[in-house]
Every structure is written in C-alpha cells, then in structure tokens.
Amino acid sequence: MKKIKTQDAIGHVLPHDMTRIVKDEFKGPAFKKGHIIKEEDIPLLLEMGKEHIYVLEKDENMIHENDAAKRLANICINDYMEMTDVQEGKIEIKATVDGFFEVDRERLFELNYLGDIAIATRTGNLPVKKGDVLAGTRIIPLLIDKKQLEEAEKIKNNIPIFKITPFKKLKGGIVTTGSEVYNNRIVDKFTPVVKNKLIEYNVELIHHEICDDNTEMIKDAIIKIKNMGADVILCTGGMSVDPDDLTPAAIKESGANIIAYGAPTLPGSMFLVGYFDDNTAIMGLPGCVMYTKTTVFDILFPYVIAGKKITREQIARLGYGGYCLKCGTCHYPNCEFGKGV
C-alpha cells in the first residue's frame, strides 16, 4: 500500500472500507473495499477528514476485482444463462430456463488451482429452474495479474465450462401391471405418483394402460403406447425377481434394448432403463417409487427430459452416493444422494 494525498488518489483502489459518521444521521461505509476512486469522490473524502489515504497501486498489468469477476464469469457462462451485476467483487450466474445443468469439473478444478481465483458452483448433473443461481465468480485479492486471467481464459479454450440443456416438451405413457389392480381388487396408488412426476417435468400423458400379469398383454400395451407417439414409456409393477413379475421380460420382447436392469442405489435397485431404435425411452419403475419420495427414478428421469441418453457406465457409477439416508424431511436434491454421476 502507498500513502498519497487524497487529491492525487484518482484511479487508485481502496484496500478497505472507509467509514463515514454523521452524528444522529449515518454510520457506515461511504466507500467499500475495492472502490476505484473517482474525481467526484474527493470532496467527500476531504469532508471525512481524509487529507491522505492508503491505496493499492494499480498498473496496466493488474486487473481490478470487478473486471476480473466479469472475465471469470465469461469463462463459465453459456446459452440459457445470465450474469448479475458485480456486488462486492462477486458475480453470480443464473439460469434463464428450466433445464439440465452440467459442469466441466476437470476444467473447474484447473481454474481454481491457478490460485487467487474462486469459482464456486452448485452441483451439476441436476435439474435447475429459471432464476436458479448456478455459480459465483470472484478473485481473492483486490487486484490480480492479467497474465493469470489470460491463463484462465486459455483453459476455457472457447468452450464454456457450464452447460444447460433446456427440458424438452415430451409425450409419455404409463403401463400399470398387476392382477390385483387389473381385477380391481385394490386401488391403484402407483399411477397417481407417476402422473405427478410427469406433471413436474411438463410431460404430456397420452395414454395409460392397465395390464394383467401377462407378458403378451404388457408387451402389446408398450408397443401400443410407442405407436401412439410416446417419447418415454413408464412401466409400474412387476419389476422384482419373483416368477410372476413379468415386466422386464415384456419390455425386452417389445423390442427395446435394455441398457440396465438393476441399479446400485437404495432405494431403487430393481430399476430398468432401455431404448428403442428410434431413441424412445422406456423405464421399469420398482415399487419404491410409489412410497418413497426420492429414488433412482428422480436421479435419472431428468436426463430423459433433457434428451440425454443414459448409459450403463452411468448406472454403475451411481453406487457412490447411491444410498439414501431416508431423512425425516427429504431435501433432495440438496443432499448427497445420487451425486456419484
């Protein structure tokens, strides 16, 4: 820091807040840390008794925290995002649509590893809503060497490190399986839960079919819904390994390529996902989806809505963080469940 006459301080940076006190009227920072002194600030500084002030010496090789925050935000920001104004040296990036948020974690690490740079994000591979905050960017000191920011911009390499894929307007169908429902012996409590999940993601339900425990009937219902133009088909019931649980066999016979039957998650281990040749998605939902607020279905369904194909490797990686702690009040996705992908 350097002590200089206040009149000579124009263009310099304050290293700390400067408090102003007016008896019975005001007490607080007249100028905040990081403020660049302007000509119009001089009279107030003198009024505050500041004949001399300490400033950070700024030269052409140093970038102020406000400008640095903008440059860091520009490394991250992509389509369907916007940045806020600078507040105390920090910029936030927000979503402008509902969609699926992704972060290039390796390049994010490289950026923060440079030192004096702080880019903090929300967890990626999760749905976000319009207006959600995605990240904040800032530098640690008030000034940073421009060469360091240039290194950061090289890491971007013209490809932003964030991505939002807007959710698509899909059509869906439900196949409910079980002789007890088919024969009206019990009330179907599974389908209303699944319908609510479709509503949450703005999926149009074009058909719902109830089937007996009959492989041929289940298969025909799947094909019928597919031919009606469904983008995603959800099958409920008959997903365990019991001999009379026939849904997985019916899905296979319908012509779908099963990516995985079984997932290393609890709840939801009997989950099935597959695709037809035209990329129509099909999911077999285990019974836990009916009575547990959050399951593997909640982790993977947003991928389908965003048009992202689920892979076997992705399913296998769910094991890390795949055990739901069944909290008294569910806070998903603000928890560790499903964060292994």
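The values are calculated or read from the model by the stated rules, or taken from the named source; none is laboratory data. Keep in mind that what you see is a predicted model, and the values were worked out from it rather than measured. Using ideal geometry, Cβ is built from the backbone for each residue, glycine included, and neighbour counts are taken over all protein chains shown. Each accessible area value is taken on the protein alone, full model and side chains, heavy atoms only, with ligands, DNA and RNA left out. Shrake-Rupley method; radii C 1.70, N 1.55, O 1.52, S 1.80 Å.
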Report, by residue number, each residue of segment 93-111 that is outside any loop (DSSP other than H, G, I, E, B), out of contact with any Leu (no Cβ under 8 Å at 6 or more places or on another chain) and among the charged types (D, E, K, R).
Glu102, Arg105, Glu106, Arg107, Glu110
Could you run through segment 228-242 and say how many residues are at pLDDT 95 or above, open to solvent by less than 40 Å² (accessible area, probe 1.4 Å) and not in a strand (DSSP E or B)?
2
Exactly one of these conditions fails for Asn184: (1) open to solvent by less than 60 Å² (accessible area, probe 1.4 Å); (2) assigned to a loop (DSSP other than H, G, I, E, B); (3) polar (S, T, N, Q). Give me its number.
(1)
Those residues of segment 98-117 that are surrounded by 13 or more Cβ atoms within 10 Å (Cβ to Cβ) and free of Cβ contacts under 8 Å to residues at least 12 places away in the same chain come to a total of 1
In segment 148-181, how many residues are assigned to a loop (DSSP other than H, G, I, E, B) and either among the charged types (D, E, K, R) or more than 23 Å from the chain's Cα centre (by Cα) (or both)?
3
Residues in segment 168-180 that are surrounded by fewer than 21 Cβ atoms within 10 Å (Cβ to Cβ) and modelled with pLDDT of 95 or more: how many?
4
Could you say which residue among Ile225, Ile218 is farther than 25 Å from Ala316 by Cβ, without any contact (Cβ under 8 Å) to a residue 60 or more places away in the chain, in contact with a Cys (Cβ under 9 Å, 6 or more places away or on another chain) and not in a strand (DSSP E or B)?
Ile218
Run Glu82 past the list (1) closer than 30 Å to Pro127 by Cα; (2) in a helix (DSSP H, G or I) and report the number of the one that doesn't hold.
(2)
Of the residues Ala69, Ala95, Ala120, which is open to solvent by 40 Å² or more (accessible area, probe 1.4 Å) and small (Gly, Ala, Ser)?
Ala120
Condition first: at pLDDT 85 or above, surrounded by fewer than 18 Cβ atoms within 10 Å (Cβ to Cβ), more than 41 Å from the chain's Cα centre (by Cα) and part of a loop (DSSP other than H, G, I, E, B). Now tell me which residues in segment 1-43 satisfy that.
Ile10
Filter segment 288-324 for residues that are of a type in the set (Gly, Ala, Ser) and under 24 Å from Leu170 (Cα atoms); the one that is most open to solvent (accessible area, probe 1.4 Å) is Gly307
Mind telling me which of the residues Ile223, Ile199, Ile210 ends up being among the aliphatic types (A, V, I, L, M), under 25 Å from the mean Cα position of the chain (by Cα) and open to solvent by 10 Å² or more (accessible area, probe 1.4 Å)?
Ile199
Within segment 278-309, restricting to residues that are farther than 13 Å from Val232 by Cα and part of a loop (DSSP other than H, G, I, E, B), the one that is farthest from the chain's Cα centre (by Cα) is Gly287
